[in-house]
1. Which GluC sites (Glu not before Pro) does the range 18-52 hold that lie in a coil by DSSP with at most 16 other beta carbons within 10 Å?
2. Within the chain, which whole H helices from DSSP have a Cα span along their axis of at least 30 Å and a mean Kyte-Doolittle hydropathy of -1.0 or more, if any?
3. Please report how far the C-alpha centroid of the range 384-423 lies from that of the range 73-116, rounded to the nearest whole angstrom.
4. Keeping every protein chain in place, order Phe28, Phe372, Phe151 by accessible area at 1.4 Å, biggest value first, i.e. largest first.
5. Could you pull out the GluC sites (Glu not before Pro) across the range 322-379 that fall in loop regions by DSSP (anything but H, G, I, E, B) with no more than 12 other Cβ atoms inside 10 Å?
6. Which of Asn94, Asn404, Asn361 moves most in a GNM of the chain, Cα contacts under 10 Å?
7. Give me the three principal axis extents of the range 306-423 from the C-alpha atoms, as integers in angstrom, largest value leading.
8. Once you've got the Cα coordinates, tell me which of Lys140/Lys164; Lys211/Lys256; Lys185/Lys338; Lys185/Lys328; Lys249/Lys417 are over 29 Å apart.
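The values are calculated or read from the model by the stated rules, or taken from the named source; none is laboratory data. Predicted, not measured: the structure shown is a model, and the values here were computed from it. Here the Cβ positions follow ideal geometry from the backbone for every residue, glycine too, while neighbour counts run over all protein chains shown. Ligands, DNA and RNA are stripped out before the accessible areas are found, and what is left, the full protein with its side chains, is counted by its heavy atoms. Shrake-Rupley method; radii C 1.70, N 1.55, O 1.52, S 1.80 Å.
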Amino acid sequence: MKIAVIGLGYVGLPLARLFATKYQVVGFDINQSRINALNNGYDHTLEIEEDELRKVLIKDTSLAEKGLFCTAELADIADCTIYIITVPTPVDKNNRPNLAPLYRSSETVGKVLKKGDIVIYESTVYPGVTEEECVPVLEKISGLKFNEDFFAGYSPERINPGDKEHTVDKILKITSGSTAEIGLKVDDLYKSVITAGTHLAPSIKVAEAAKVIENSQRDINIAFVNELAKIFNILNIDTKAVLKAAGTKWNFLPFKPGLVGGHCIGVDPYYLAQKAQEHGYHPEIILAGRRLNDSMGEYVASEVVKLMIRNDISVKGANLLILGITFKENCPDVRNTKIVDVIGALKEYNVNVSIYDPWANPAEVESEYGLFTTNNLPDQKFDAIVLGVAHNQFLNLDLSSLQNENSIIYDVKGILKDADGGL
């Protein structure tokens with residue numbers, strides 16, 4: 001058995017490294033610079049430590065029984081028997097599912113697919129994508145027949161970027177296959193490396209649906225507490241104090257208000273909503289939660305401006321510092337970060353916004369959002385400071401050195417003791 005992992009990002013690389021401790025694994029990515037960095041032992045996502053990566057790297061799969069060989073050459077995955085696709089599944093500017101990365105990766109695999117091979121998808125999708133969208137591409141490109149010549153499986157990723165405790169091997173894995181026999185094979189494969197165990201779903205569609213509702217459930221719960229934060233702010237009640245008091249009940253769910261971005265919670269509900277609408281059902285709660293969470297960036301900006309006005313700070317031309325632009329703490333991932341919504345809304349008030357984030361790659365931020373960021377703390381005073389991301393570096397930061405005489409601090413994450421406002 002030889003495994004190919006297609007897409008070496010936040011999901012693919014940790015999975016490839018884990019499988020490489022027991023099997024021959026070829027990690028395939030179309031980004032040659034990414035391959036070059038990995039072969040030098042460097043992972044820019046910071047999910048895998050350099051020494052951990054170097055332990056499994058090999059230069060030739062024919063010379064080793066196990067290990068990870070990283071490549072951008074299609075020929076290098078031609079003799080694999082299992083293909084695991086771990087590419088992103090984003091939404092477009094209108095929040096419609098964008099399956100282009102899945103189509104392209106399916107075409108890639110289709111070019112080398114052989115009789116008896118198994119193709120497993122890990123990307124988050126709505127129910128039916130694997131068998132109704134991806135499999136036809138595999139059949140067309142390969143000329144092979146599904147469930148006769150080749151087979152499919154679905155095992156949704158549950159990676160939590162930046163989390164060094166809940167790593168891929170310690171998260172229970174859902175598995176499934178296009179036939180009962182293939183389901184068992186897929187389950188055995190993951191069971192051989194996932195110490196947390198596996199759950200074999202009865203069908204691929206069940207596994208797809210299970211994944212997409214995991215993040216939809218979190219999205220709705222966060223939308224609820226975001227709405228509570230808005231209500232309690234109007235009533236001049238401390239939201240954190242309310243949640244702490246309510247949390248004394250054994251079955252109260254401990255969600256906190258905040259900006260909901262990233263490539264999972266802020267995206268997956270749209271996939272489920274799209275499928276429901278195709279079948280004539282308009283999902284009210286799911287989309288209501290999305291609308292509320294998507295509005296929080298503008299809400300934060302308006303609250304910051306109100307706080308500035310109350311402190312006699314001239315908003316137009318004010319200098320404001322944003323602390324953090326990644327979508328979550330202690331992680332370099334800037335995909336679908338909602339901090340940019342706050343920045344965009346503040347710029348509409350003609351505020352001069354500076355962004356400091358020791359984790360984010362400035363080049364990536366500029367390419368993705370057209371914004372200038374710095375990894376170094378600015379040497380100047382600001383009229384307002386907004387903590388957007390709870391990086392460890394910010395916990396003990398001396399904010400007084402960055403403040404003017406009457407400047408304000410707004411804490412989106414609720415971790416600062418001396419903030420003038422926050423969610």
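1. Numbers: sites: Glu47, Glu49, Glu50, Glu52; in loops: Glu47, Glu49.
Those satisfying the criteria are Glu49.
2. On the way: long enough: 204-234 (46 Å, 0.31).
Qualifying helices: 204-234.
3. When both Cα centres are located, 43 Å separates them.
4. Values: Phe28 15, Phe372 165, Phe151 40 Å².
My answer, sorted largest first, is Phe372, Phe151, Phe28.
5. On the way: sites: Glu329, Glu348, Glu364, Glu366, Glu368; in loops: Glu329, Glu348.
Filter output for the range 322-379: Glu348.
6. Sorting by GNM fluctuation, first place goes to Asn94.
7. Taking the Cα atoms of the range 306-423, the three principal extents are 36, 30, 27 Å.
8. Values: Lys140/Lys164 41 Å; Lys211/Lys256 22 Å; Lys185/Lys338 40 Å; Lys185/Lys328 36 Å; Lys249/Lys417 25 Å.
Table pairs above 29 Å Cα-Cα are Lys140/Lys164; Lys185/Lys338; Lys185/Lys328.
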